[in-house]
1. Looking only at the stretch 61-84, decide whether some residue is assigned to a helix (DSSP H, G or I), in contact (Cβ under 8 Å) with a residue 12 or more places away in the chain and surrounded by 12 or more Cβ atoms within 10 Å (Cβ to Cβ).
2. Report every pair of residues separated by at least 6 positions or lying on different chains whose Cβ atoms are under 6 Å apart, first residue within the stretch 34-45 and farther than 17 Å from L60 by Cβ, second not in a loop (DSSP other than H, G, I, E, B).
3. S15 fails exactly one of the following numbered conditions: (1) in a helix (DSSP H, G or I); (2) of a type in the set (S, T, Y); (3) over 16 Å from the mean Cα position of the chain (by Cα). What is the number of that condition?
4. Out of (1) under 24 Å from V84 (Cα atoms); (2) exposed (fewer than 12 other Cβ atoms within 10 Å of the Cβ); (3) within 16 Å of the chain's Cα centre (by Cα), what's the single condition that is false for A9?
5. For the stretch 41-57, name all the residues that are β-branched (V, I, T) and within 24 Å of S25 (Cβ to Cβ).
Amino acid sequence: MHKHNSLMAANGMTSVVQFPMMFLSGTFFALEAMPDWLQSIARGELGFSVAYNSPVGPLLWPRARNTLLLTVPNQLGVDYNAHVIESVLKFVAPDLGWR
C-alpha cells in the first residue's frame, strides 16, 4: 500500500469514529433535543436483557473491551505487534527493572 493510500485510510477511519462520538456526546446538539431512542444510545443504554434481568449496557461493555483486546492486535498484524513488544522490551522494561 502506498503512503498516500495509508494516510487516506487513516483519515477516513478517524472520521468514521470521531463524528458519531462528537454527535452523541452533545457537542453539536443538546442531548435533550434528540429523540428518546438516540438519547438512550448516547447514554449507553442499549435495552434490557430478559435473560440476565438487567440493562444490556453493563453486560456489554466488559465483553466489548475483551473483544477489542483480542481483535485489534490481530488486525494490526504481526510486524506491528512485534515492533510494540520490541519497543516495550527496549524502552520500558529497563525502567521497570526487568531483565
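Quick note: the coordinates plus some simple rules give every number you see, no bench work behind them. Everything numeric in this text was worked out from a predicted model, so none of it was measured. Reconstructed Cβ throughout: ideal geometry from the backbone, glycine too, with neighbour counts over all protein chains shown.
1. Of the stretch 61-84, the ones assigned to a helix (DSSP H, G or I) are 61-76, 78-84.
Right, trim to in contact (Cβ under 8 Å) with a residue 12 or more places away in the chain and you get 61.
Those left that are additionally surrounded by 12 or more Cβ atoms within 10 Å (Cβ to Cβ): 61.
Yes, the stretch 61-84 contains at least one residue that is assigned to a helix (DSSP H, G or I), in contact (Cβ under 8 Å) with a residue 12 or more places away in the chain and surrounded by 12 or more Cβ atoms within 10 Å (Cβ to Cβ).
2. Q39/L31
3. In the conditions (1) in a helix (DSSP H, G or I); (2) of a type in the set (S, T, Y); (3) over 16 Å from the mean Cα position of the chain (by Cα), S15 misses (3) alone.
4. Failing condition for A9: (3).
5. Our first condition is that a residue be β-branched (V, I, T); within the stretch 41-57, this holds for 41, 50, 56.
I41, V56, listed by residue number.
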